[in-house]
There are 2 protein chains.
Amino acid sequence: MSKNNNTTAPNAPQAVSAQFSEQIVDERLTPNPLSHFSMDKDALRLALVTAQYALRATRQQTPPTLNKPTGLLVLVNGMEQAGKGTAVKQLRQWVDPRLLKVEATIGDCPLAYQPIWQLHTKALPRHGDVMVYFGNWYADLLYNVMRMATSASKDDNKPSKNSKSKDKKSVNDKVLPIAQWQAYLQQQLLKLQAVEQDLAANQTRLLKCWFHVDIETLQERLKDGEADPQFLYQIDWNSKKVIETFNEVATILLRQQDDWIIIDGDDKSDAADQFCHEVLQAMQTALVSSNINTEKTSDKSETKKQAKQALKSAKFEPVKIPKFLIDIDDADIDKSDYRDALAEKQARLAQLLRARKGRHIVFAFEGMDAAGKGGAIKRLVAPLDPREYQIYNISAPMLYELQHPYLWRFWTKLPNEQTDRISRIAIFDRTWYGRVLVERIEGFATDDEWQRAYDEINRFEADLAAAGTIVIKYWLAIDKKEQLKRFEARQETPHKQFKLTDDDWRNRKKWSEYVQSAADMLARTDTEYAPWCVIATNEKRQARLDVLDHAIKQLSAVCSS
Amino acid sequence: MSKNNNTTAPNAPQAVSAQFSEQIVDERLTPNPLSHFSMDKDALRLALVTAQYALRATRQQTPPTLNKPTGLLVLVNGMEQAGKGTAVKQLRQWVDPRLLKVEATIGDCPLAYQPIWQLHTKALPRHGDVMVYFGNWYADLLYNVMRMATSASKDDNKPSKNSKSKDKKSVNDKVLPIAQWQAYLQQQLLKLQAVEQDLAANQTRLLKCWFHVDIETLQERLKDGEADPQFLYQIDWNSKKVIETFNEVATILLRQQDDWIIIDGDDKSDAADQFCHEVLQAMQTALVSSNINTEKTSDKSETKKQAKQALKSAKFEPVKIPKFLIDIDDADIDKSDYRDALAEKQARLAQLLRARKGRHIVFAFEGMDAAGKGGAIKRLVAPLDPREYQIYNISAPMLYELQHPYLWRFWTKLPNEQTDRISRIAIFDRTWYGRVLVERIEGFATDDEWQRAYDEINRFEADLAAAGTIVIKYWLAIDKKEQLKRFEARQETPHKQFKLTDDDWRNRKKWSEYVQSAADMLARTDTEYAPWCVIATNEKRQARLDVLDHAIKQLSAVCSS
């Protein structure tokens, strides 16, 4: 609207231009990399297919040791009719199309009780793969913001009459003043950026391409009948007002996230060429990061970074082990008292779970072997209908799971509104905390990886909590003597023999390392939104009641409000 | 309605009682296996958990050689309020709940262009797992039939006024006379039974439990407020007329399929006990069939069966190799003629694909290495938007895929209306025919397995075709001399080197075995609903045109009608 925009900080949404700022294009329109490469088309094709196969080849059939195969996820977003389809079509012609996955889901509303990105994790590329993703989490976000913004703009001038009745509506139907949807957009963008950084750190790199055309070109192309209504965003592209709002939204997006490549779709063929060059460059970067040896011998700044990391690793300070992890001191309870208390608590828990108003629940159980996770879970689910929950028994990842970020196998097991009609309670018997427990101790994760994981896990749980998922985490604490007693009992009891494996004895030898790791984990991931509950479990019966008590307490705080 | 029902053959639906036949319960109510086992509850629990762990232990971490781990899928269907939830809850308490998966999807309408079972294949248990599945394909089928039947009964007495306009409605909205929905039901039941037999033959056994209560008990329980509306079938269980229709449908189902265990839900606790016993028995049967050694040394009837199978295997008669697989004789085409023809045919193909009225399309490409599958696919997809199709490059299965029936990894890649919004064309570069090609030749499948596969594959494709999916299959035929030429060219051309692997040279040594296997495959799986098209590919350009020509021909027949 005015020259002021040019100096607007990303955090000042109210000053953003309603028109897609020419200035942002000028500032940010990525120079056509053709000039860097000065490649002809044949050379580009050869380079593309070479990079594609080389990237694939970094993926070994056995778990990777010498290199870190990296996947490439190409996000394609932007204005309608800006040449996205043409560009991806050309890419698919120039590479081996059989090795290029193209996914498209379009403008679905973010689901009520899960983070925007969650639904899309199923589609992430395996390490070594390249995938083009139309209609990704940004399409969902834009769709949602457009719904908010267009309803908002309709009511802009009217005074809000019925502010009370609004509160009852879901987030999607709310009519929001501009400042509010802008705040929502900015907050979501921050979260997505954090998710994307964690993806990149875990061998899934992103290339984000934003295709742009001006309103006049768009309207011409729409008239041409080139547009296939199936591919439209469910946004009315014929309305100038709607497009202006879209550009306003896009401006905020592009100002806040500086990792978008802006591609000018004015000439679809040029746009396609630029897109192919960008993908080539991204594949080459992914190749470099796939190869640990290359990393080590690469330029100085890389060496510096590594020195810095080494320093950071050296600086990791284990916490002092708290008493409750060593001196397990819990009272026994009389059997008939236990039964009464159990029945009462189970009834109360079931009542609370059913009053949770659609929210998802994630239970996370960690603890030493034989600490009673199985028994506690059994009592927890007893009052529930078997269709209401899923239990995931987590052990070593399978090969296809190792070909994704370590959190991937948990992302894809979360309650999912799109596919689970009833079961919205997920119970994990062992969890993503394996990263900072067994993977740390056995060396399956590097120092850098497991030390970084505390923050990654905190961000993951924060996102769940922000979306309305209730995360309940338990550490079941047992002492070494009691564990031995239980191992021996398992050996002697026919229907418990199966529970005892060689791994259990092996882990027992590393007892003190596990206690230290648990202490570090509890100190670093006990958050307000996903607090840990440590349960002393030398006395099984009391422990089971304590597990129920804590769930009741945490749910009461949420479900009664 | 009359005594006549008692002698009704399964194929005479018109005579089936409108009330759930008491007689069918008397005939078929499975004797409570408690009497066989005379086990107390503790013994049953121990037996259950023992069987559960033993079954899981049959699953090895490396591809199975000595045993054939078997999965168990427990289907739970029947009348509402008949104790299904109680029974599964008890089972889950008595086994290790962490190893028992419970899935529930409820009464979705079968999707328009895919077989009823397809959507559910994603949920099938891995070999060695036990899974309870509420709301399985029978729930979908019953829901659909109930919609047909209840609309039908409303219009029973009215003469059909507008028979023409009906044809335009989708299958779900059709108002059908009783005979018609019964015919639909019976036909679907036959298909599902065939699918289930193929599952069982491929290490996924089924236990089908039908829970029943009479109308009076149902109505009492509905009044009790025990019923959770979330779990109802989207059927109005309060209407006596609706329940009568449901019983009528159930009678047809149970008469036609004699592998249902009918469980009387009059006493929910007894029903739960019986259910647990049935699951135990099924797990034990699965254990027996998991162990090849046991099979070999088991009773006489088993030995006889094996002798019979051996005879059958011995009787497999390879067909004479047809000329078109050996003498590859195709004309070359001038380059500019080729370009013109290509453009024209691609345009025609795109036009036909877009006129297919929502149907799914499956392209299957098979052929010797270097026969030009990749090139043909490239030309095939050239006119399409990259979001309209998926290409699947099939190679050796991963471990988790081997833990399912061999068709599973293809079932789960078919176009899926529930999850793919746009991409409804699936192109397979190598296919399920690997079972009768590489797996036959390399011994990855036993003689019995690959010989049985012809029928299994035919049934699979028949189901797809019946649901409206168009299946287009190509064998690209090349001769041995031309293959060598192409291998050598690949070695010399930088951007083609990646295409040549050691496997290719190894396969070349088995040339004649591949030709024989191809001949047998073409002879046994060239069906009316999914015909093979053999393309001579010594001349690449002409071959690519031929591929397009055939697709155009097959689509014209369907899409213009």
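Each value in this text was obtained by applying a stated rule to the coordinates, not by laboratory testing. Keep in mind the model is a prediction, meaning the values are calculated, not measured. Neighbour counts run over all protein chains shown; Cβ positions are idealised from the backbone, glycine included.
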Amide H neighbours of A:ILE470 under 5 Å, at least 5 residues apart or on other chains, H built in the peptide plane: list them. A:HIS360, A:ILE361, A:VAL362
For segment B:347-448, listing trypsin sites (Lys or Arg not before Pro) in a DSSP loop whose Cβ sees at most 11 other Cβ atoms within 10 Å gives B:LYS357
Total charge of the residues flanking A:HIS277 in space, meaning their Cβ is under 13 Å from its Cβ, with Lys and Arg +1 and Asp and Glu -1, is -2
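Restricting attention to segment A:314-356, which chymotrypsin sites (Phe, Trp or Tyr not before Pro) occupy a DSSP loop and are surrounded by at most 12 other Cβ atoms within 10 Å?
Working: sites: A:PHE316, A:PHE324, A:TYR338; in loops: A:PHE316.
Loop-located and lightly packed - A:PHE316.
Find the percent of Cα-Cα distances in segment A:333-559 that exceed 23 Å, and round it to a whole number.
On the way: 12649 of 25651 pairs.
Counting pairs separated by more than 23 Å, the tail of P(r) holds 49 percent.
Using Cβ counts within 10 Å as a stand-in for footprinting exposure, how do A:VAL438, A:VAL102, B:VAL547 rank, fewest first?
Fewest to most other Cβ atoms nearby, the residues stand as A:VAL438, A:VAL102, B:VAL547.
How many Cβ atoms of partner chains, on average, are near each residue of B:83-90 if near means within 10 Å of its Cβ?
Details: counts 0, 3, 5, 2, 1, 3, 7, 1.
Mean partner shielding for this stretch: 3.
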Could you list which residues have their amide H under 5 Å from that of A:LEU207, counting only those 5 or more apart in sequence or on another chain, with H placed in the peptide plane? A:LEU73, A:VAL74, A:LEU75
HN-Hα J couplings of segment B:132-149 from phi, Karplus 6.51/-1.76/1.60, θ = phi - 60°, integer Hz, Gly and Pro as x? 9, 10, 6, x, 8, 4, 5, 4, 4, 5, 4, 4, 5, 5, 4, 4, 5, 5
Net charge near B:ILE552: determine it from the other residues with C-beta under 9 Å of the C-beta of B:ILE552, scoring Lys and Arg +1 and Asp and Glu -1. +2
Under a 5 Å amide H to amide H cut-off, with H placed in plane at 1.01 Å, what residues pair with B:THR527 once short-range neighbours are removed? B:TRP532
10 Å Cβ neighbours from other chains, averaged over peptide A:378-385: 4
Whole-percent tail of the Cα-Cα distance distribution for segment B:313-416, cut at 25 Å, equals 46
What net charge is computed for the residues neighbouring A:GLY128, neighbours being all others with C-beta under 11 Å from the C-beta of A:GLY128, Lys and Arg scored +1, Asp and Glu -1? +3
Using the 7 Å Cα-to-Cβ label point, sort the distances from B:ARG524 to its equivalents in the other copies shortest first and give them in nm to one decimal. 5.7
Where the Cα atoms of segment B:429-490 are projected onto their three principal axes, how long is each span, largest first, in whole Å? 43, 30, 15
Would you kindly derive the ³J(HN,Hα) couplings of segment A:235-249 from the backbone phi angles with the Karplus curve 6.51 cos²θ - 1.76 cosθ + 1.60 (θ = phi - 60°), listing them in order in whole Hz, with x for Gly and Pro? 10, 7, 6, 7, 8, 5, 4, 5, 5, 4, 5, 4, 5, 5, 4
Rounded to the nearest 0.05, FRET efficiency between B:GLN256 and B:GLN197 (Cβ-Cβ, R0 25 Å) equals 0.95
List the distances, in nm and shortest first, from the label point of B:SER512 to the matching label points in every other copy, placing each point 7 Å from Cα along the Cα-to-Cβ direction. 7.0
Report, as an integer, the average count of C-beta atoms from other chains found within 10 Å of each Cβ along A:388-394. 4
Mind listing the label-point distances from B:THR493 to the same position on all other copies, shortest first, one decimal in nm, points 7 Å along Cα→Cβ? 6.7
